[in-house]
């Protein structure tokens, strides 16, 4: 099966209607960094392509409550955005270290999500931040929380008529004291698919964990939240014991497999260590800030 | 002696290498040799004007596709190509029945048909070839070839292949041949030793990962065939195509196109795509292009041989080596290819640059249904070096000795007898490389630093590892009939020079070396010399471009031709300068006479042309004959030896098992650096390719099929993985010859140069494996040391139960 036609959408509306009226075996292309390879290797088929690159959906808009990221915003644009860097450091790190500069220049956030790879680097931060995906069908727009978007490797809830148009991440209030981390394990320094990735967000209130999201990638059919680890941490102090217990618990929240990249056993060990590492880093950051803050208040007094 | 040093990598660019050069030598070059400068092909490669095979077009060009076996081992009952022939756009379909000559591409043994007749022995075996007007049609037609095949049990492990009752890949069993070294009494030495260190090493396959995949175009004319392509050894391709088509060699011409990397992967293998294209071109009467994509290239082309090495090393308590017993199993894959030649070098190199009086080595080559083993930079040496250097570090650890010190104690010195019984003629520069690497790395201080870091605990551990090698330069005695090498030099009437050689530029810098040698001898500037593409019609069969032999062999041939031309030019120069021949000096584009008289080289060339001088010369070089006994593995296997010591500083992350090379130090005996920037580039490249082999490059093979035949999952190092590489060059700069009674000659290249292509890689995997082993305090003997492998060791000893972040514990 070879691609017979390519249609270029000139606006979000046009893209949405092209998709809505698209024939079977039509696929969307934005950066093409996954799709072109999949077509060549016969892993996906397409007779027609709808090109979204000129559809004007590449905005990154920030207001006081949220950042709205157009589906065709490139990974490079995400990495450079000061608002994302300031409010969503895990998303920033994931974007800045994804693949290589050449791929970041082409690849889009929408593509990274809709390709639905369990190892997608942007997805774990979006899970950690409770992102919402805006999906359009013709003129109707609905919102899908990211944790209900994926159904399996390469699979998600969108139908042939649906178009992902925007990703919305809500900013935490300054009083919520949110900290977050992204960790990625690839087997070389750059341009590598994650063997495990992890994103952790955590809010402390009066020294206790008020809320935490621990998202893990490449260790289950979709990226997953480590629900039992999160439950163990809520209401606790970030002590080494609590951290270690959460890290052990996270291993039970995943279902890794052996594949060409690595083994299930290895992934379990790394998940345990990554959860501990991310939490230890956050605890160290909190400790440093507290020490700094109290020093400052002393010097003021 | 002078010294220069250079570091490179992402962090430190532009520093010079440390060079150890004799102050004055009779043959010291005066011109461009040894000077900084550009590669002659640099600009064309940077600005995109270099024409690779896929850039070339011919009228009526057809595109080839192959139908390969779906099964790793099968009896093929029937091949039906009628459907494929009817696909619109298909011009020719070929099976074994269409071969006019011999259906055979085995480069040493005739065990490999180009096209399957009745038996498929691995998943790369070709069943039918298609030529069509576009690549997609050819591919679609290949899919509809019908093959009736009965699967046979396969064998995918060398040890199992040797067991009785194992499926036989070829009639006659799976053992292909044996090599050995028998000297002294190794058994007795092992019995009487104070210490015996024994380990089993596993050196896996490695993919060459050259930037440009395999590719050829075959252009037919009535009764003859011209092949253009990306390759290392045009004369191999010429012989293979002539045998397949039943043509005399004179009717097969092979022209090498600009070649984007080879590393051994374009030594034997290009004969296969060339034969495919040639057969289709013969059948269709039209030019046929066959260029692989990356997946095909990785799936079908040869790999570094997988070897299993059982190594026992015996020593006295004081560290003196007494004996070694080494068993090497080499996985050839389904066909022999160059396996015997690779095994011969592995066999000879298996003891290393050490004085070991009692040696027993047995190397066996074995058929399996696995991927095909072939030539790869180092040619069997990196695998055995992993073992002998692992053993030296293991012994040092056991005896509580400094690893460099233990090597120094047992090092081969001038007039010492090597494992294969050869008394080594000086100079033997091994100790110099040890000393240079020690200085370059600041060894003692660095070791103390590493120990302090590891005592402190925390998330990472550091380790230091040493790797050393002694590389037999040029072909083994077993292949010395191929060692002659030619060149053709022509001086044009404007003073410009054309040079053709029988060996090839494949990215390693041969063209620059050839231009420099010609320029040095003729006394012209480098940019006056144009190096032509290698063409079998221009220069006689010069053997293969392998074994780090291009600088010595092509270099000598070019120097030989240039000296002849010099003699042809001298009468014109003496006429213009009005002086005697011995008063003329040719250098830097000028002919200088007594006083301050000089004329431009171009004027000399014009005058010589007017005087009807013969301004072309054919150069030839063949090293002296070597005596070697295959039955005992004793004698003089090589013409000269190049020594190297490399040191790796590695860091292991206990949270993930990821190992990284932090710093890398290389000390190489290069004889003479004709093009120092090129030498350093090759050393950096070889070292990093060796690091990839040690750390990240894992070919996932199941039932003979490669599951990660792509660069997404087969991980070669990126610039982010390349550490700072510091280099010391040791230049003894002497062409050598027969000196020192009772010792063999040390025949080196022009100006004393030794090849560096392979020694740059050979010790690197061993150094890295030793460094990681040092960091973990455990001997890791199976490559690659991917994080999951390292993590297994970390998990076994619970080394990751440490606080990863310091302040979190408080």
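Residues checked against (1) within 9 Å of chain B (Cβ to nearest Cβ); (2) modelled with pLDDT under 95; (3) under 18 Å from residue B:789 (Cβ atoms); (4) outside any loop (DSSP other than H, G, I, E, B):
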{"position": "A:254", "(1), (2), (3), (4)": "no, no, no, no"}
{"position": "A:261", "(1), (2), (3), (4)": "yes, yes, yes, no"}
{"position": "A:269", "(1), (2), (3), (4)": "yes, no, yes, yes"}
{"position": "A:274", "(1), (2), (3), (4)": "yes, no, no, yes"}
{"position": "A:283", "(1), (2), (3), (4)": "yes, no, no, yes"}
{"position": "A:286", "(1), (2), (3), (4)": "no, yes, no, yes"}
{"position": "A:295", "(1), (2), (3), (4)": "no, yes, no, yes"}
{"position": "A:299", "(1), (2), (3), (4)": "no, yes, no, yes"}
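From the list B:613, B:644, the one residue that fits, being under 26 Å from residue B:749 (Cβ atoms), touching a helix residue (DSSP H, G or I) at 6+ places or on another chain (Cβ under 8 Å) and crowded, with 16+ Cβ neighbours inside 10 Å, is B:644. Listed conditions (1) surrounded by fewer than 24 Cβ atoms within 10 Å (Cβ to Cβ); (2) in contact with a helix residue (DSSP H, G or I) (Cβ under 7 Å, 6 or more places away or on another chain) are all met by residue A:226, apart from (1).
Okay, residues lined up against (1) closer than 18 Å to residue A:255 by Cα; (2) within 14 Å of another protein chain (Cβ to nearest Cβ); (3) assigned to a strand (DSSP E or B):
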site	(1), (2), (3)
A:175	no, no, no
A:181	no, yes, yes
A:188	no, yes, no
A:191	no, yes, no
A:200	no, yes, yes
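Scanning the stretch A:11-61 for residues that are in a loop (DSSP other than H, G, I, E, B) and without any contact (Cβ under 8 Å) to a residue 12 or more places away in the chain yields A:21, A:42, A:43.
Every listed requirement among (1) part of a loop (DSSP other than H, G, I, E, B); (2) at pLDDT 95 or above is met by residue B:548 save one, (2).
All but one of (1) within 11 Å of chain A (Cβ to nearest Cβ); (2) assigned to a loop (DSSP other than H, G, I, E, B) hold for residue B:780; which doesn't? Residue B:780 satisfies every listed condition except (1). Here residue B:687 does not fit the description of being in a helix (DSSP H, G or I), in contact with a helix residue (DSSP H, G or I) (Cβ under 7 Å, 6 or more places away or on another chain), within 14 Å of chain A (Cβ to nearest Cβ) and modelled with pLDDT of 95 or more. Inspection of the stretch A:143-162 identifies at least one residue that is touching a strand residue (DSSP E or B) at 6+ places or on another chain (Cβ under 6 Å), free of Cβ contacts under 8 Å to residues at least 60 places away in the same chain, assigned to a strand (DSSP E or B) and closer than 13 Å to residue A:213 by Cβ.
Listed by position, the helices (runs of 4 or more DSSP H) inside the stretch B:288-406 whose residues that are in contact (Cβ under 8 Å) with a residue 40 or more places away in the chain and more than 22 Å from residue B:179 (Cα to Cα) number at least 2 are B:294-300, B:381-399.
For the stretch A:84-97, check the following and say yes or no: at least one residue is within 24 Å of residue A:128 (Cα to Cα) and within 14 Å of chain B (Cβ to nearest Cβ). Taking every residue of the stretch A:84-97 in turn, at least one turns out to be within 24 Å of residue A:128 (Cα to Cα) and within 14 Å of chain B (Cβ to nearest Cβ).
Can you spot a residue in the stretch A:220-236 that is within 14 Å of chain B (Cβ to nearest Cβ) and either within 22 Å of residue A:130 (Cβ to Cβ) or in a helix (DSSP H, G or I) (or both)? There is no residue in the stretch A:220-236 that is within 14 Å of chain B (Cβ to nearest Cβ) and either within 22 Å of residue A:130 (Cβ to Cβ) or in a helix (DSSP H, G or I) (or both).
Only a single item in (1) surrounded by fewer than 18 Cβ atoms within 10 Å (Cβ to Cβ); (2) touching a residue at least 40 places away in the same chain (Cβ under 8 Å) is not met by residue A:179, and it is number (1). For residue B:231, indicate whether it is surrounded by 24 or more Cβ atoms within 10 Å (Cβ to Cβ), in a loop (DSSP other than H, G, I, E, B) and touching a helix residue (DSSP H, G or I) at 6+ places or on another chain (Cβ under 7 Å). In short, yes. Can you name the residue in the stretch B:692-709 that is facing chain A (nearest Cβ under 7 Å) and buried (at least 17 other Cβ atoms within 10 Å of the Cβ) and, of all such residues, is farthest from residue B:769 (Cα to Cα)? Within the stretch B:692-709, the match that is farthest from residue B:769 (Cα to Cα) is B:708. Is it true that residue A:78 is closer than 23 Å to residue A:174 by Cβ and either assigned by TED's automatic domain parsing to the domain that holds residue A:123 or modelled with pLDDT of 95 or more (or both)? Yes: the conditions hold for residue A:78.
Filtering B:519, B:487, B:511 for residues that are part of a helix (DSSP H, G or I), in contact with a helix residue (DSSP H, G or I) (Cβ under 6 Å, 6 or more places away or on another chain) and surrounded by 24 or more Cβ atoms within 10 Å (Cβ to Cβ) leaves a single hit, B:519.
Within the set B:72, B:22, the sole residue that is more than 23 Å from residue B:685 (Cβ to Cβ), modelled with pLDDT under 90 and not assigned by TED's automatic domain parsing to the domain that holds residue B:670 turns out to be B:22. Counting only strands (runs of 3 or more DSSP E) wholly contained in the stretch B:585-680, the ones carrying 1 or more residues that are touching a residue at least 40 places away in the same chain (Cβ under 8 Å) and not assigned by TED's automatic domain parsing to the domain that holds residue B:429 occupy B:585-587, B:590-592, B:598-600, B:616-621. A Cβ distance below 7 Å, combined with a sequence gap of six or more or placement on separate chains, defines the contacts here; from the stretch B:792-810, residues that are closer than 14 Å to residue A:247 by Cβ and at the interface with chain A (Cβ under 8 Å from one of its Cβ atoms) reach residues that are at pLDDT below 95 and surrounded by fewer than 18 Cβ atoms within 10 Å (Cβ to Cβ) in the pairs B:803/B:809.
All conditions but one from (1) farther than 26 Å from residue A:130 by Cβ; (2) buried (at least 18 other Cβ atoms within 10 Å of the Cβ) apply to residue A:25; the one that does not is (2).
Here the stretch A:204-223 is the region considered, the condition is being without any contact (Cβ under 8 Å) to a residue 40 or more places away in the chain and surrounded by 19 or more Cβ atoms within 10 Å (Cβ to Cβ), and the residue that is nearest to residue A:289 (Cα to Cα) is A:209. Filtering B:743, B:712 for residues that are in a loop (DSSP other than H, G, I, E, B), facing chain A (nearest Cβ under 8 Å) and at pLDDT below 95 leaves a single hit, B:712.
With respect to (1) at negative phi; (2) out of contact with any helix residue (DSSP H, G or I) (no Cβ under 8 Å at 6 or more places or on another chain); (3) not assigned by TED's automatic domain parsing to the domain that holds residue B:591, the lone exception for residue B:457 is condition (1).
The values are calculated or read from the model by the stated rules, or taken from the named source; none is laboratory data. Since we're looking at a predicted model, the values are computed, not measured. Neighbour counts are summed over all protein chains in view; Cβ atoms, including those assigned to glycine, are modelled from backbone coordinates with ideal geometry.
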